[in-house]
Amino acid sequence: MAAPNDFNGDGFVDLALGSSATVSGFPFAGLVPIVYGTGSTLDPANRQLVDESLDWVPGSPDHDEAFGSTLASADFNGDGFADLAVCAPTEVGPSFTGIGALYVLFGTSTGLRSGLRTVSNCDEVTTGKFNGDGLPDLAILGDQPHVMYGNAALGPGGIGIPLRRFGAISEELFARSALASGDIDHDGYADVVYAVSRSGGVVLQVYRGGTGGLGTTPSQQIPTSLSTSASIGDINGDGYADLAVGSPWDSVGAIALAGQVRVWYGSATGLNLTRGVTVINQNSPGVPGGPEAGDYFGFSVALGDATGDGRADLAIGVPLEDIYTTPDAGYVTVMLGAAAGLNLASSKAFQQGAGGVPGTVAANNEFGWALMFRDFNRDNRADLAITAVGTNANQGLALVLTGSATGVGRVRCVPVLTPQVLGFRVTALAFLGVSVSR
């Protein structure tokens, strides 16, 4: 079985990015560039540009469809090639008007070469082994939550994209967001977490995996606030996956929209409510900067082991951070995992044009829009992919900070990716990096 994001099955991690590029003359139709790995780097010359104009991708491009708004990868049919799930939340067509679509694109020895789609309101996707049959599954979040269970018959000419509902459904529940998956209770099955609004406020709902897959009743409901991002990883190395949730609209004291991140630690019974929640913001000791109105601290979060010590480190995107007098330049804060939990004193901030990060600070770059940890150079340390969708008048870019024994650092293993480097036909308003494949 291929690892996630190894679309051609060569054992090397590839990178899929979402963009809002113009396709066939339709603005914001959406395009997904794939950059293939070599084992030591990503090679922009070995790439695919995937959109609905290709004859093997179902449908056809249209304006504002947002193909690629969110992405997730796994080898859903176990054929040795990773597949890619793609959301197009505003897909239009005879059966799709305003509802949206889910695409599943299938890997081969030469990369992604076939695809299926189905009607589905599709705002977020994540993968995990929810039912223990050995194949990875896909959780889909929209107006209702669904799951696609892995199956060897998935693919063109096979069983299509069978969706099953999971999660609680009620008129009182709305605005689901911040989807993540991982084995919180260390029972061998991945669990799913997301935030949902209701009349009494926002709660995190936890759905435990098991032999029957995901159910319709949450095992835990935990009060929180409006959230945009979530990630699951083992921060303290105890074998139980932990949860980080970004709430960029939170106030810090009287400072509106400064943003916060909440961390809950895993246990045999789920998220450990006895230990309680760790709340992190730019007033927290050791965390760089200070809270300002409209920073959106926590707009994106990602967990991954950058140091190779067996503990997940936390990256936090602050895309609307002002750098001195430059508005919305953005930066990313990374803090290391430790046996006692997150080590806030280890926190480092990264911005364009400083500390080994290429580029320059510029207004509206929105550096830190999307984040993802992956080991691109096979040194057993996760590297951190970061996007800045507003760079160069909303053309966007992506870069990778290399993992090391002391955490992520300079850009060493992967070149900076821009619409020009990737061969976009139309680079204006491409918004490269609206998403990164999980």
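The values are calculated or read from the model by the stated rules, or taken from the named source; none is laboratory data. Note that the structure is predicted; figures quoted are calculated from it, not measured. Using ideal geometry, Cβ is built from the backbone for each residue, glycine included, and neighbour counts are taken over all protein chains shown. To get the accessible areas, we keep the full protein, side chains included, count just its heavy atoms, and leave off ligands, DNA and RNA. Shrake-Rupley method; radii C 1.70, N 1.55, O 1.52, S 1.80 Å.
Taking the Cα centre of region 262-410 as origin and charging only Cβ (+1 Lys, Arg; -1 Asp, Glu), how large is the dipole, in debye to the nearest 20?
Working: 8 positive and 12 negative charges, 80 e Å.
Its charge dipole is roughly 380 debye.
Note that the chain presents 35 Å² accessible area per residue, ligands and nucleic acids not counted, probe 1.4 Å. Fully extending the segment from Ser24 to Arg412 would add 136.2 nm, taking 0.36 nm per residue of separation and subtracting the current Cα-Cα distance.
Got a number for carbon plus sulfur as a percent of region 64-150's accessible area, 1.4 Å probe?
Details: 1240 of 2360 Å².
Carbon and sulfur: 53 percent of the exposed surface of region 64-150.
Taking the charge dipole of the chain about its Cα centre, with +1 at Lys and Arg Cβ atoms and -1 at Asp and Glu Cβ atoms, the residue from Gly160, Ser300, Leu214 reaching farthest to the positive side is Ser300.
Counting only DSSP H runs of at least 4 residues, each contributing -39500 (n - 2.57), and dividing by the residue count of the chain, the helix-based mean residue ellipticity at 222 nm comes to 0 deg cm²/dmol.
About its Cα centre, the dipole of region 1-126 is roughly 80 debye, where the only charges are +1 on Lys and Arg Cβ and -1 on Asp and Glu Cβ.
The gain in end-to-end length when the Arg378 to Thr211 segment is fully stretched comes to 56.8 nm, 0.36 nm per residue minus the alpha carbon separation. Quick one, which of (1) 26, 56, 17, 0; (2) 28, 63, 9; (3) 25, 53, 21, 1 is the actual P(r) over Cα pairs in 20 Å bins from 0, in percent calculated for this model? After the calculation, the listed value that fits is (2).
About the centre of its Cα atoms, the chain shows a dipole size close to 300 debye [charges on the beta carbon of Lys, Arg (+1) and Asp, Glu (-1) only; nearest 20 debye]. Modelled spin-label separation between Asn272 and Ser199, with each label point placed 7 Å from Cα along the Cα-to-Cβ direction: 3.7 nm.
Ligands, DNA and RNA left out, the accessible area of region 207-279 computed with a 1.4 Å probe is 53% carbon and sulfur. Based on Cα contacts under 8 Å between residues 6+ apart, the chain shows a relative contact order of 12 percent.
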